[in-house]
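Q: Got a structure here, written out as structure tokens. Questions coming.
What follows is calculated from the coordinates using simple rules that are stated; it is not laboratory data. Just so we're clear, the structure is a prediction, and the values are computed from it rather than from any experiment. For neighbour counting, all protein chains shown are included, and Cβ atoms are generated from backbone atoms with ideal geometry for every residue, glycine included.
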Amino acid sequence: MSRIGKQPIPVPGDIKIDIKGQIITVSGKNGKLEREILPELEISMKDQEIIVENRDNSKRTNAFRGMTRSLVNNMVIGVSEGFKKTLVVEGVGYKVNMAGKTLTLNVGYSNPIEFPVPEGIQINVDGNNKIIVESNDKELLGLTSAKIREIRKPEPYKGKGIRYEDEHIVRKVGKAGAAS
């Protein structure tokens, strides 16, 4: 049995949960999120806790139970607190700028790259080299952060590029150090 799926999801008092069939809607101070649940799973609300249960006892359903519990928990956390990721731009002359709903990145290409900010994402630029991405949807936040990082991945020799704040870049020895 899924250990994660068995755990109930605690719901804070300021969060409103609406379950209609296989669709769960979670709304709070940071917005509203909606997700469709697989038909093999049943979701219910008891004593300010959300419980995810299997309708059958197959291995596939059990695997989806834990995943669904995690997704619904992320929805509850997202509408109450929100999620945040920080990206760091490293390199001589590399800089970022935010103008309206467009993030402009000067990261070593001949022209600046313009990244349109998707709906549901808020981006703030701290200084010239820090990008703070915030959202109530963890899935959308991760996808958007990965797309921004993909524009100029960090290279292993000097570490130039866009990386996550907590990411460690494994450095390689250059040509001069390899000769012997």
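Q: Under the condition of being β-branched (Val, Ile, Thr) and without any contact (Cβ under 8 Å) to a residue 40 or more places away in the chain, which residue from the range 93-116 is surrounded by the fewest Cβ atoms within 10 Å (Cβ to Cβ)?
A: Thr102
Q: Next question. Can you name the number of the only condition in (1) buried (at least 20 other Cβ atoms within 10 Å of the Cβ); (2) more than 15 Å from the chain's Cα centre (by Cα) that Ile148 fails?
A: (2)
Q: Another question, if that's okay. I'd like to check which strands (runs of 3 or more DSSP E) are fully inside the range 75-176 and have at least 1 residues that are hydroxyl-bearing (Ser, Thr, Tyr).
A: 83-90, 102-106, 130-135, 161-164
Q: Please return the ranges of strands (runs of 3 or more DSSP E) entirely within the range 1-62 where 1 or more residues are without any contact (Cβ under 8 Å) to a residue 60 or more places away in the chain and hydroxyl-bearing (Ser, Thr, Tyr).
A: 23-28, 41-46
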